[in-house]
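Only the coordinates and a few stated rules stand behind these numbers; no lab work does. Just so we're clear, the structure is a prediction, and the values are computed from it rather than from any experiment. All Cβ positions, glycine included, derive from the backbone under ideal geometry; neighbour counts span all protein chains shown.
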Amino acid sequence: MSTLIKNGRIITATDDYYADVYIDGEQITQIGTNLAVHPDRVIDATGKLVIPGGIDPHTHMDMPFGGTTSADDFASGTLAAAHGGTTTIIDFAIQAKGGSTLDALDTWHEKAAGKATIDYGFHMIVTDMAVARLGELSRLRDAGVTSYKLFMAYPGVLYVDDGTLYRTFRQAGENGTRICMHAENGIVIDEIIREAVADGKVEPRWHALTRPTRMEAEGVHRAIAIAEVARVPLYIVHLSSHDALEEVKRGRGRGVDVQAETCPQYLFLDQTIYDRPNFEGAKWVMTPALREKWNQATLWQGLKFGDLSAVATDHCPFCFNGQKELGKESFTKIPNGAPGVENRLSLMYHGGVVGGRLSLNRWVELTSTSAAKTFGLFPRKGTIAVGSDADIVVFDPNRKETISINNPFTHHMRVDYSAYEGFEVTGWSEVVLSRGRLIVNNGKAETTGGGKFVARAGVGELLR
Ligand code: URP
Ligand code: ZN
Ligand code: ZN
């Protein structure tokens, strides 16, 4: 199958020009004007932006967590992602405590294989790392899992101690791979939670009030210090606050290889939302928690000037009915996480480009190219170039949509609410191709399935 995308304005992280894109099979084979080709299909992109498919490096499909399982599996979640212009996700396999990380990888392959509509990779969540197990990390790398997430939060669940951090960091650094860090001091936070609950403070708003930004900043500071000594590139996930960003800047200022992502929820929502009546605040109980609104300006600045290098969603949906409700008696029982994989490109275009905070190039970089480069997918993914996978979005920069669970153009996630209900956005992913397959066309799924696991390259290596 061959496709010609005509008359579009091509935007990559570095370029901005008008040309046609010719796709033969799964890859882009020509870019230019007046191409001498005879395509099977022509897509007219007049007035539209032609951008590399979005890459969301932080999702949790089919994740057992908080006494339940995230509501999207790899079928529903990747199709929703596709509707929103995302053509690759990097999800998380979870090592069972005391178990093998290689077994965990097999389990997650089983969850995704044959279901995903877009391509996917895995980070490995490391929940313990005995010395005898360190060899597994190079086997994971050879299997294309070149990044590992560790948690300072969630004691008793995913938390690991500093010794485990150091041990894993050292080996990951030696292997030419990367560490992703959930940086919050979960031990102190658990004490604060214990005090709050003892005082009868159990409503959703206490989720935010028991997780001070200083405890996020402390985690970021500690992770950077350990990574510096262990000599491993570090990537802070879901950074949410001014305090935490200051620590990233400080580390970068002294030359540590640390990057950080933030998420749309920390740019568009704030902690007043937890005060909504009838337990509704539970919809936004996620970790880190939403912050005071003033943090948002700092995060946008971080995105603009480079101290934040990517925007992921941390898509981890739980239905309000039956799942969030598990925490009706106490916020400590609310499954942590919120949906968003479908809305990232539009939100970031609206708040970033239309809002005058980001250039078009930076928008593409933050939603696609940067993650591709950081996580070993570039140049196969994350750009529009001859030889790259034809993961392409034709994006209408003028189309307005109101994000809503009732809007068939904005909600395909298998969850009974939208975190951005009623937000009007300008900018929408109209046509979405994954390796040359037309998967979404004007809000309609053209095909499902067909997504493949991508074995990612190590730090500094190219994926061809
Ligand atoms: O609340 C969240 N973020 N849930 C997903 C797990 C994590 O910490 O990323
Ligand atoms: Zn996390
Ligand atoms: Zn997460």
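Computed quantities for the displayed model
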quantity: Among the candidates Asp56, Asp16, Asp40, residue that is more than 16 Å from ligand 3 (Cβ to nearest atom) and within 23 Å of Pro397 (Cβ to Cβ); calculated: Asp16
quantity: Those residues of segment 310-335 which are polar (S, T, N, Q) and crowded, with 21+ Cβ neighbours inside 10 Å, in sequence order; calculated: Thr313, Gln323
quantity: Residue in segment 248-262 that is under 27 Å from Lys201 (Cα atoms), of a type in the set (S, T, N, Q) and within 16 Å of ligand 3 (Cβ to nearest atom) present; calculated: no
quantity: Members of segment 349-395 found to be hydrophobic (A, V, I, L, M, F, W, C) and either assigned to a strand (DSSP E or B) or on the phi > 0 side of the Ramachandran plot (or both), listed by number; calculated: Ile392, Val393, Val394, Phe395
quantity: Subset of segment 279-317 that is closer than 21 Å to Pro57 by Cβ and of a type in the set (Val, Ile, Thr) - its residue that is farthest from ligand 2 (Cβ to nearest atom); calculated: Val311
quantity: Residues (within 16 Å of Asp103 (Cα to Cα), among the hydroxyl-bearing types (Ser, Thr, Tyr) and surrounded by fewer than 22 Cβ atoms within 10 Å (Cβ to Cβ)) located in segment 128-161; calculated: Ser138
quantity: Qualifying residue in segment 349-369 (condition: within 16 Å of ligand 3 (Cβ to nearest atom) and either surrounded by 24 or more Cβ atoms within 10 Å (Cβ to Cβ) or closer than 30 Å to Thr69 by Cβ (or both)); calculated: no
quantity: Scope segment 118-149; condition within 16 Å of ligand 2 (Cβ to nearest atom) and in contact with a strand residue (DSSP E or B) (Cβ under 6 Å, 6 or more places away or on another chain); matching residues; calculated: Phe122, His123, Met124, Ile125, Val126, Ser147, Tyr148, Lys149
quantity: Residue match in segment 97-119 (condition: of a type in the set (Val, Ile, Thr) and within 16 Å of ligand 3 (Cβ to nearest atom)); calculated: no
quantity: Options Val256, Val311: the member that is β-branched (Val, Ile, Thr) and in contact with a Cys (Cβ under 8 Å, 6 or more places away or on another chain); calculated: Val311
quantity: Of all residues making up segment 218-277, the number that are part of a loop (DSSP other than H, G, I, E, B), crowded, with 24+ Cβ neighbours inside 10 Å and touching a Phe, Trp or Tyr at 6+ places or on another chain (Cβ under 7 Å); calculated: 2
quantity: Filter result for Arg214 (within 17 Å of Gly251 (Cβ to Cβ) and more than 22 Å from the chain's Cα centre (by Cα)); calculated: yes
quantity: Answer residue from segment 278-308, given it is assigned to a loop (DSSP other than H, G, I, E, B) and among the hydrophobic types (A, V, I, L, M, F, W, C) and is farthest from Trp206 (Cα to Cα) among those; calculated: Leu308
quantity: Subset of segment 309-328 (residues that are within 16 Å of ligand 3 (Cβ to nearest atom) and either acidic (Asp, Glu) or closer than 21 Å to Ile55 by Cα (or both)); calculated: Ala310, Val311, Ala312, Thr313, Asp314, His315, Cys316, Pro317
quantity: Residue among Thr59, Thr68 that alone is surrounded by 17 or more Cβ atoms within 10 Å (Cβ to Cβ), within 16 Å of ligand 1 (Cβ to nearest atom) and of a type in the set (Val, Ile, Thr); calculated: Thr59
quantity: Filtered residue count, segment 39-65, keeping only those that are outside any loop (DSSP other than H, G, I, E, B), within 16 Å of ligand 2 (Cβ to nearest atom) and over 20 Å from Ala372 (Cβ atoms); calculated: 2
